[in-house]
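Engineer: What follows is a single structure, and I will ask about it in a moment.
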Amino acid sequence: MKHLNKVAPITLLFWLMKIVATTLGETLGDFISMTLNFGYVIGIIITLAIFLVALLIQLNAKEYTPVKYWLVIIGTTTLGTELSDFIDRTLHLGYFAGSIILVSCLVLTLFLWNKKYKSLEVYPIFERNKEFFFWTAVLFSNSLGTAFGDFLSDNLGLSYFSGALITGIIILVVVLLHYLTRLNHILLFWIAFIFTRPFGATFGDLLTKPPGKGGLDLGTLNASIVSVAMMAVLIAVSHRNLKRMNWVE
């Protein structure tokens, strides 16, 4: 029986979609918890339910389908926003302590994944158990990225543009290391994956926050609508590319 791949290929389109998905996760998470005034506990319950539904659909899919895959990514970024804010603002542990907790969870997940499969390759993935490890790592890395982005803006006092610039430079350095050195490509993938989260999150803050805080004051609803529209276009492009690949094969 032929086993079909379940995850997206790591291309330039993948990274672009990841950034837009994280922007959407940031604005949608803030819309639920702050604009609708549900608070972080109710926000976690709502976004956890959305994430679990999307994850079950993805896990039961027979092969990679862009819309199903990216709905889970969006689910992890939205839930990650709520988790990070809950740790900081409800538990009052701060973004630095929250980052330490989330780093520990991510490292433990990757350790158990590597122990079982002797590899942390993220593409292709065929087995459901390995896919479960993948999505757990994605959730923790997106939550970590949120905490780090908020640490830059709230704790270090950087503007949203400065935060996006710093994380963007880190991502650029990772890309250069990938092409110019022989550093472990799996390690570079997870570093880039983590830092695309605060890059997208700071862009989300740039769209939603008032001008006094360095933002454009679009509001969480309008920013989410813009992000959804961008994501829909990119998912359509991804489906078209997948069909072309299948025709070639």
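Engineer: Name the single residue, out of those in the stretch 1-44 being without any contact (Cβ under 8 Å) to a residue 12 or more places away in the chain and in a loop (DSSP other than H, G, I, E, B), that is farthest from ILE74 (Cα to Cα).
Structural biologist: MET1
Engineer: Something else now. Has the stretch 234-247 got at least one residue that is touching an Asp or Glu at 6+ places or on another chain (Cβ under 9 Å) and outside any loop (DSSP other than H, G, I, E, B)?
Structural biologist: For the stretch 234-247, residues touching an Asp or Glu at 6+ places or on another chain (Cβ under 9 Å) and outside any loop (DSSP other than H, G, I, E, B): absent.
Engineer: Taking the stretch 67-111 only, how many residues are part of a loop (DSSP other than H, G, I, E, B) and either in contact with an Asp or Glu (Cβ under 8 Å, 6 or more places away or on another chain) or under 17 Å from GLY29 (Cβ atoms) (or both)?
Structural biologist: The number of residues fulfilling the criteria is 1.
Engineer: Taking VAL107 as meeting all but one of (1) of a type in the set (A, V, I, L, M); (2) without any contact (Cβ under 8 Å) to a residue 24 or more places away in the chain; (3) farther than 26 Å from GLY204 by Cβ; (4) surrounded by 14 or more Cβ atoms within 10 Å (Cβ to Cβ), write down the number of the exception.
Structural biologist: (4) is the only condition that VAL107 fails.
Engineer: Do you know which of the residues in the stretch 110-123 that are of a type outside the set (Phe, Trp, Tyr) and farther than 23 Å from ARG197 by Cβ is surrounded by the most Cβ atoms within 10 Å (Cβ to Cβ)?
Structural biologist: The selected residue is LYS116.
Engineer: Next up: Among residues belonging to the stretch 68-104 that are over 20 Å from ASN129 (Cβ atoms), of a type in the set (Val, Ile, Thr) and in contact (Cβ under 8 Å) with a residue 12 or more places away in the chain, point out the one that is surrounded by the fewest Cβ atoms within 10 Å (Cβ to Cβ).
Structural biologist: My answer is THR90.
Engineer: Has the stretch 180-197 got any residue that is of a type outside the set (D, E, K, R), touching a Phe, Trp or Tyr at 6+ places or on another chain (Cβ under 6 Å), closer than 30 Å to THR35 by Cβ and surrounded by 14 or more Cβ atoms within 10 Å (Cβ to Cβ)?
Structural biologist: no
Engineer: Being under 16 Å from the mean Cα position of the chain (by Cα) and surrounded by fewer than 18 Cβ atoms within 10 Å (Cβ to Cβ), is that true of even one residue in the stretch 207-229?
Structural biologist: Yes, because at least one residue in the stretch 207-229 is under 16 Å from the mean Cα position of the chain (by Cα) and surrounded by fewer than 18 Cβ atoms within 10 Å (Cβ to Cβ).
Engineer: If the requirement is being in contact (Cβ under 8 Å) with a residue 24 or more places away in the chain, within 19 Å of GLY200 (Cα to Cα) and touching a Phe, Trp or Tyr at 6+ places or on another chain (Cβ under 9 Å), which of these qualifies: SER143, SER153?
Structural biologist: SER153
Any read-out appearing in this document is the output of simple, stated calculations on the displayed coordinates, not a laboratory observation. Keep in mind it's a predicted model, so treat the numbers as computed, not measured. For neighbour counting, all protein chains shown are included, and Cβ atoms are generated from backbone atoms with ideal geometry for every residue, glycine included.
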